[in-house]
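What follows is a set of notes on a single structure, which appears directly below.
Throughout, read-outs are computed from the coordinates displayed, never taken from laboratory work. Small disclaimer: the values here were computed from a predicted structure and weren't measured. Every residue, glycine among them, receives a Cβ derived from its backbone with ideal geometry; neighbour counts consider all protein chains shown.
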């Protein structure tokens, strides 16, 4: 499924950050914008509501350099997590080449994580993408005093054993590793 889009000289790939509302998808892209070399990325586009939620998507474009003789550009997109935004999320997922599932580590949010994963699986299955996309997990908000132990969270959400990483997006910690892992899997699929 990973084909990328673009010209004979460049490849555009979309990495979609998915997860329940408030899990840290927008915070992750904001952190990446602040961490990555400014010459390697464009503006961070984030239309937000007064309550801080994202009605459509966040977008950050990152230039990775050459792959197989072509320039690789990643479009990092956060998909809205709320159920009322199913059509927007589905449209974003239609063009996905890789996924980062951003989970909230709070015990009270475990059910929301599970529901978001079930919705994602259903949407990907309907699109015919379920087994085709590189997927990594980002367990966010690891600084919470009552955060679910990492092994327990991974056991609950990641039975297939995809790569996983812990993060504190608000502090810009642990957000590069998931991007690197999904990018490496994309590059392997493209070459």
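Simple spin-label estimate for residue 39 and residue 125 gives 4.8 nm between the two label positions (7 Å along the Cα-to-Cβ direction from each Cα). Sorting the segments 113-124, 20-31 by their residues' average number of neighbouring beta-carbon atoms within 10 angstrom, most packed first, yields 20-31, 113-124.
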